[in-house]
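These notes are about the structure you will find just below.
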Amino acid sequence: MSLAGPGARPFWTLVGIRAAFWVGTALTLLWQRPNFSAVDRDLRLPSFRAYDAHTDLLFNAFSQWDAGWYLNIAENGYRGEQAAAFFPVYPAVVHAVAWVTGSTLVAGVLVSLVAAGIAAVVLARIARMLLGEAVARDTVLYVALYPVAFVFTSVFSDGLFLALAAGSVLAAMRQRPWLAGLLGGLAVGTRLIGLALLPALVILLWPERWSPRAVLRFAPLALLPAAVGLFALYLDRQLGNAWAFVDAQSEFWLRHTATLGPVGGFWEALEMGARGSLQVLRHLPRAAEIGLADEQGARNALHLLLLLAMLALTWVAWRRLGPAFGAYSLAYIAVVLSSPIDYFPLTSLPRFVIGDFPLFVALAAVTVERPRAREIVLIAFGAIAAVAAVGFSRHAWVA
């Protein structure tokens, strides 16, 4: 992919927008540095450095929360079962790039940003093939301005996952099964939720006429579950527990398998979201009395609204983009709903949205002929993104 031709415009659009938010947020840290409590300091992993005070300020702007885990894995490998919750492809790429940059922190941010830029190019090509240039343009803008897209300038795997997942789907659209399987396998090796690609890839690679040879088109899709198997084998050798990546979610990250799977997870989200809405309405007139439970209630209510918006856009994706894209979104949401946390069923949902890329194409398709709605979405995304970026840089849990 050339970064100089007109086809690279989505790359530079996303990179330019995210760089502006990144630098702007870093400058706000000059006025107020993050104030970690004693508990926060105990929970934080060892800090990582760039090159000097100025680059430390910039590259550490969003190096909060899970970024510390990815950095530790990239430098030290898997030293305990808690780290097994994070799949290996992203930290492996960061480790390799760090040989060039001389800093794991710098490598992590650059890998995230470049991967997100490549994802923008791939998404533009998918949207252009399906619905034309205007939808392709707006898809890139929505991804770039999405409120938690600050992870594209942090040490998070979301940018790389988005590039690999969208690349796998694009390869299947072009009837290149081996490339689709390889990229899909790497997506799963980046995040387990990549298994949601399977139904979409099967639909896209479905042959017009069946024959014994046509079945071989699906053979490369075995690379997706194989990625999980390879990671399990590695964990068995490294930690003595092949299922450490599963155990870590329940023992350390407090996730459980919902009864009835995604249906049970949806019910838990609905119940906690409704309860949270009542908490917000009850205490809104007395803001000074709002406590931690009310804050948690507000999060549950907002995350439920986000889930409902995702389901609505999934319907649009199915109708406007095709069954393959609707199937991916449904499978993706089902995986998310299947492992909730008791007190906060939809934890990290705003960040998970990034990987559900058909939703951004669907949103662009809905608003492309509605200028007022398009303007409202762009302004709202940009405004919330600025607040979210500053909050996250100060160690507030946003994503």
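In table form, for the structure just shown:
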{"item": "Cα gyration tensor category, rounded, prolate or oblate, for the range 150-309 with a/c compared to 1.5", "result": "prolate"}
{"item": "Simple label model, 7 Å out from Cα along Cβ direction - residue 202 to residue 334, nm", "result": "0.9"}
{"item": "The range 136-209 - Debye-derived log10 I(q)/I(0), Cα point model, q = 0.26, 0.28 Å⁻¹", "result": "-1.12, -1.18"}
{"item": "Contour minus Cα-Cα distance for residue 51 and residue 211 (0.36 nm per residue)", "result": "51.7 nm"}
{"item": "Gain in span if fully extended, residue 342 to residue 31, counting 0.36 nm per residue against the direct Cα distance", "result": "108.2 nm"}
{"item": "Within a Gaussian network of the chain (alpha carbon springs, distance under 10 Å), most fluctuating of 84, 61, 20", "result": "20"}
{"item": "Extension gain from residue 230 to residue 372, taking 0.36 nm per residue of separation minus the Cα-Cα distance", "result": "46.2 nm"}
{"item": "Stokes-Einstein translational diffusion, the range 54-213 - Kirkwood Rh over all Cα pairs, 1.002 mPa s, 20 °C, in µm²/s", "result": "128"}
{"item": "Cut-off of 10 Å, at most 10 other beta carbons, DSSP loop: longest stretch of the chain lacking such GluC sites (Glu not before Pro)", "result": "1-207"}
{"item": "Kyte-Doolittle mean at least -1.0 and Cα axial length at least 20 Å: DSSP H helices in the chain", "result": "9-28, 104-131, 158-173, 223-239, 262-283, 292-316, 323-337, 371-393"}
{"item": "Per residue, in Å², the accessible surface of the chain once ligands and nucleic acids are set aside, probe 1.4 Å", "result": "46"}
{"item": "Candidates 68, 167, 185: whichever shows maximal mean-square fluctuation once the chain is modelled as a Gaussian network with Cα springs under 10 Å", "result": "68"}
{"item": "Estimated FRET transfer efficiency (residue 308, residue 395; beta-carbon r; R0 22 Å; 0.05)", "result": "0.15"}
{"item": "Residue-level accessible surface for residue 129, protein heavy atoms, 1.4 Å, Å²", "result": "100"}
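The values are calculated or read from the model by the stated rules, or taken from the named source; none is laboratory data. Here the structure is a predicted model, which means the values were calculated and not measured. All Cβ positions, even for glycine, are placed from backbone atoms using ideal geometry, and neighbour counts span all protein chains on display. For the accessible areas, the whole protein counts, side chains as well, though only heavy atoms, and no ligand, DNA or RNA atoms are used. Shrake-Rupley method; radii C 1.70, N 1.55, O 1.52, S 1.80 Å.
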